[in-house]
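One structure below.
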Amino acid sequence: MAPASPEEAHFAEVPVTVGVVSILGLVFSVSLFSWICCQRKSTKANKTPPYKFVHMLKGVDIYPESLSGKKKFGATEKTDTSTKQGSGLATGRASLHLDLEKRDLNGNFTKSPNTKVRSSPDLDLSSPHPGLNHGGKDMSSPKSGLSSHAMTPADKGQDKEGGLGTLFFSLEYNFEKKAFIVHIKEAHGLSAMDEQSLTSDPYIKLTLLPEKKHKVKTRVLRKTLDPAFDETFSFYGIPYGHIPELSLHFMVLSFDRFSRDEVIGETLVPLAGIDLSEGRILMNREIIKRNTRRNAGRAELLVSLCYQSTTSTLTVVVLKARHLPKAETNMPSDPYVKVNLYHGKKRVCKKKSHVKKSSPNPVFNELFVFDVPSDKGLQDTSVELLLQDSERNGQNPVIGRLLLGTASPGTPGEHWREICDHPRRQIAKWHALVED
C-alpha cells in the first residue's frame, strides 16, 4: 500500500478544522444570545414605568403619575367628553389636585382614631337605618344628633307628597391637606321616571356654587329607587375660611340612553353656618322638583332622525311618548303614530305604527325609511307626525301634531338642521306636540 502524500494529509485535516471552528462559533453565539436576554430581562424588571393608572369606583377620574414620581392626580368630570377641572377658586391660588396618599383600596381616606362623626346641630335629621351607625353599633344615645325614630306610614305618605325623595350625605374638611370632602351615601324614595318598569337609573351631579367650576358626578345605578352610591369627592386647595361662602348643588337625574337624561329633582345646601372644625357632619335633604313651570299635561314625542345623503333616504324612528291626556271616557288612550312625508306641499308617502292599548306613556320603537324624492336633499322635504287615539267608532282623534322641516320653529327646526349638517348620524330629541 502506497504511503499518503502530504497533499492528501492536508485535505484530510480540513474537515476536522472546519467542524471545530463551527462548534466554537455556535457555542459563542448561544452564549451571547443568552447574555443579551438576561440583560434585557434584568433591565425590564428594574425599570419603573413613567405612567401608572389607578382605577377607582369612587366617582373620581384619576390622571397618571407625573414623570417626577410625585403623586399628584387631577380630578375630572366624565361627561360625553372629558374636561379638566379648574385651576383654583381664585387667581393666584394653588390648582386643585387629588392626592391618593392615606387612601384605602376603595379610594376613601383612612380614618384616624380621633375622627368625630356628628350630625348638623341646626337640622332635624333622620338616619336611613335608625339607631345604627356604619359598624352596626347603637347610636341612639342622648349625645347623638341623629334621629332614631322610625317613620310611620303616614309620615312616609306625607314625605312622598312633599318631595321626590331624600338624599343622605356627609361633609368633612381636612385641615392638613386643605381638602373639602363630600361623601354621597345614598338616596331613598326617588320618583320613577320610566313608567313601563316603574323605576329609574339614577345618578347625581354635584356642583360647587357660586363659581360652578368644580363639577363631579356619581356612577349610574340601574333600575333602583333607593340607590346606594357610597362615593367620596375631595376638592383640594379650598381654604377653610372660604367654605361658608360656598353652596352645594345636588342634581338627581335618571339616565336615558335614547335622549337627554331626565331630571328627577335637586337640592341646594348652603354651607354658611355649618361648622366643620370638629369633624364629619352627617346630613340629609329633601329632593324637590327642579322646574315647576313645566307643562306636564302637554304630550311629548321622542323621535330619532337620520339622513343618508348617498342613498337619499330618511330614517324616522318613533321611540316613545309621554304625558298623554286621557280620552273623553276618562280612560287611558290607545295611541298610535301616523308619519307623513311631504315634498313641498304634496304628501308623497304615509306610514303608521302599531296601536298601544291603554298606555298613557307608550313605547313604540318603530323604524320607518323614506326615499327622499328631491335632488336638493332635505331642503323641500318635511315630515309630519300625528299622534292619534284609536277608537272603535273609527274617528281616531288627533292628540298632538309635530312638523319637522327647514321652516319649523324652535326645537323641531333645530333637529332638522342638525340631521342636514350631520348626515349618517342618528339624532334623537323630545318634541312637544301641538294640539291640532
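Readers should treat all values here as calculations from the given coordinates under stated rules, not as data from a laboratory. Everything numeric here is computed off the predicted structure, so don't read it as measured data. Here the Cβ is made from the backbone with ideal geometry for all residues, glycine too, and neighbour counts use every protein chain on show.
Here are the numbers for the structure shown:
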quantity: Label-point gap, in nm, between residue 20 and residue 379 - each point 7 angstrom along Cα→Cβ; calculated: 9.3 nm
quantity: Convex hull projection area averaged over all views, the range 300-362, Cα basis, nm²; calculated: 5.4 nm²
quantity: About the Cα centre, charge dipole magnitude for the range 300-432 (Lys/Arg +1, Asp/Glu -1 at Cβ), debye; calculated: 200 debye
quantity: The range 300-432: mean projected area of Cα convex hull, nm²; calculated: 7.8 nm²
quantity: The range 300-432 - percent relative contact order, Cα under 8 Å, separation 6 or more; calculated: 29 percent
quantity: Within the range 384-436, GluC sites (Glu not before Pro) in DSSP loop having at most 11 other beta-carbon neighbours inside 10 Å; calculated: 435
quantity: Subset of 205/326; 326/350; 177/215; 212/289; 185/223; 185/289 violating a 24 Å alpha-carbon distance limit; calculated: 205/326; 326/350
quantity: Residue among 367, 349, 319 farthest towards the positive dipole end of the range 319-371, charges placed on Cβ; calculated: 349
quantity: Estimated FRET transfer efficiency (residue 414, residue 34; beta-carbon r; R0 51 Å; 0.05); calculated: 0.15
